[in-house]
1. So what's the convex hull volume per residue for the Cα atoms of the stretch 5-49, in Å³?
2. Give the Rg (one decimal place) followed by the Dmax (whole number) of the stretch 104-251, computed from C-alpha coordinates and expressed in Å.
3. Could you order the peptides 106-116, 290-300 from most to least packed, using the average number of other C-beta atoms within 10 Å per residue?
4. For the chain, what is the mean residue ellipticity at 222 nm derived from helices alone (per DSSP H run of n ≥ 4: -39500 (n - 2.57); sum divided by total residues; nearest 500 deg cm²/dmol)?
5. May I ask you to order 229-240, 32-43, 162-173 by the average number of other C-beta atoms within 10 Å around their residues, highest value first?
6. Please give the contour-minus-distance gain from Lys49 to Ala218: 0.36 nm per residue of separation, less the Cα-Cα distance, rounded to one decimal in nm.
7. Using a 1.4 Å probe on the protein chains only, how many percent of the accessible area of the chain belongs to carbon and sulfur?
8. Run down the lysines and flag those whose C-alpha is under 22 Å from the C-alpha of Lys297, throwing out any fewer than 8 positions away in its chain.
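The values are calculated or read from the model by the stated rules, or taken from the named source; none is laboratory data. The structure displayed is predicted, hence computed values, not measured ones. Cβ coordinates were reconstructed from backbone atoms using ideal geometry, including for glycine residues, and neighbour counts include every protein chain displayed. Each accessible area value is taken on the protein alone, full model and side chains, heavy atoms only, with ligands, DNA and RNA left out. Shrake-Rupley method; radii C 1.70, N 1.55, O 1.52, S 1.80 Å.
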Amino acid sequence: MRAFGHIDAGSVRQAVDAAGTAGAQTAFIAGGTDLLGSLKDNILRAYPKTVINLKTIADLDFIREEGGALVIGALAKVQDVADSALVQEKAACLAQAAAKVSSPAIRRMGTFGGTVCQRHRCWYFRSPENRFDCLRKGGDTCFALTGDARYHSIFGGEDGCIAVSPQDVAPALVALGATFRTDRRDIAAADFFKVNGERSCALEDGEVLTQVSVPVAAKSAFSKFALRKSIDFAIVNCAVAQTEAGTRVVLGGIAPSPLRSLEAEAAVVGGISEESAKRAGEAAVATASPLPANAYKVPIASAVVARTLRALI
Ligand SMILES: Cc1cc2nc3c(=O)[nH]c(=O)nc-3n(C[C@H](O)[C@H](O)[C@H](O)COP(=O)(O)OP(=O)(O)OC[C@H]3O[C@@H](n4cnc5c(N)ncnc54)[C@H](O)[C@@H]3O)c2cc1C
């Protein structure tokens, strides 16, 4: 770990001002469960000169209902989102997804803002001491394409990068149509989880996420398939939500960003049944283009979609 300065921010404005124009030379820290590992392994192109602590900002750890939507502060703990009776009642898939994040210790340390901003988990991107100057770091090669891609995208790349979206809560937030508020703008969930250079979200340097607003869904469900049950990132996860606009089906772990499957949604327009759920699963992967190393994910994704939809019958 290299030396860096440390500032405790007393407010969102102070955090933004402290980052100022030094943007890339600063990093925000919340629970630190992702950021500190990145700094220990030195995976980022620019090592921050200053780390700005957000946990010292008061009143950003709320979970409440406002104007018919759930609103979750960026500093709410992942475990608190999982345990919240309000989230369980109004946005079941989000509570279920939060409960599947990592381990109890990381859920109690990690914040909601941190889990949605966590960086992708490609082993070339995260290789210690920046051994691979990959596409996301400004290089011209996606090393996974010719290397070990067993956990990578089965739907091609975003700007060529085939690392997958790692979050469990992301598909739930896209399915529910959440909106992300920062110190300067609102961002729709579908636009938030985009590959953005070294980042895995749309935030710019020095931009602070303050809260996420989540429309209430009549019925919703989340499932995750991982190799280990105790603590592991998803091979495939899926969230489905029934909104006024119909049933939304969103997958994670199989594409660079959460993937909304319009094909799966079309299969359940007439209602969700055992049969239509199975058809939706097949439709969700009909256009998949896996590599030999990750073709095993295709039938798993199909089964996970069908299983998640069946939970709504
Ligand atoms: C061993 C391990 C297993 C894991 N397994 C899973 C898993 O199964 N599923 C899953 O979904 N996740 C998993 N994770 C990721 C975990 O969810 C995150 O590490 C954690 O939630 C991040 O929260 P944090 O508060 O510690 O964020 P930090 O580490 O403090 O920050 C993470 C990133 O977000 C930025 N950031 C944080 N808050 C804000 C904000 N308010 N505004 C702007 N930027 C911000 C930071 O600058 C940093 O880049 C795992 C992590 C580990 C270490």
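1. Values: hull volume 3.1 nm³, N = 45.
Dividing the Cα hull volume of the stretch 5-49 by its residue count gives 68 Å³.
2. Calculated on Cα positions, Rg and Dmax stand at 16.0, 48 Å.
3. On the way: 106-116: 22.6, 290-300: 16.0.
Ranking, from highest mean packing down: 106-116, 290-300.
4. -7500 deg cm²/dmol
5. Values: 229-240: 21.8, 32-43: 16.6, 162-173: 28.2.
Sorting 229-240, 32-43, 162-173 by mean packing, highest first, produces 162-173, 229-240, 32-43.
6. Values: separation 169, 0.36 × 169 = 60.84 nm, distance 4.64 nm.
Result: 56.2 nm gained on full extension.
7. Working: 6920 of 13290 Å².
Whole-percent figure for carbon plus sulfur exposure: 52.
8. Output for Lys297: Lys100, Lys194, Lys224, Lys229, Lys278.
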